[in-house]
Amino acid sequence: MSKYHVWIDTDAGVDDLISVLMAVRMKEFEIEGISIVDRDPESFVRDVEYISKILAFAGRDDIRIYQGSD
């Protein structure tokens, strides 16, 4: 089975967190990385924590998280 190579760009809102959880559990997707877009540096730190918890919960802490562009 071939996989879709996917990059996730998110603002780490609740709707996006649920989508990230669903995407990382899909066998058809190879998640290449996740970038977080946030204008506030304090929010970025919080959002990295949220995404990291989702990835750990899904057993996918191998996926790297990057700071996106605002």
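Quick notes on this one:
- Each peptide in 18-29, 46-57 was scored by the mean count of other Cβ atoms within 10 Å over its residues; highest first, the order is 46-57, 18-29.
- The distance between label points at VAL37 and ILE18 comes to 2.1 nm (points 7 Å beyond Cα on the Cα→Cβ vector).
Throughout, read-outs are computed from the coordinates displayed, never taken from laboratory work. All of these numbers come straight from a predicted model, not from anything done at the bench. Neighbour counts are summed over all protein chains in view; Cβ atoms, including those assigned to glycine, are modelled from backbone coordinates with ideal geometry.
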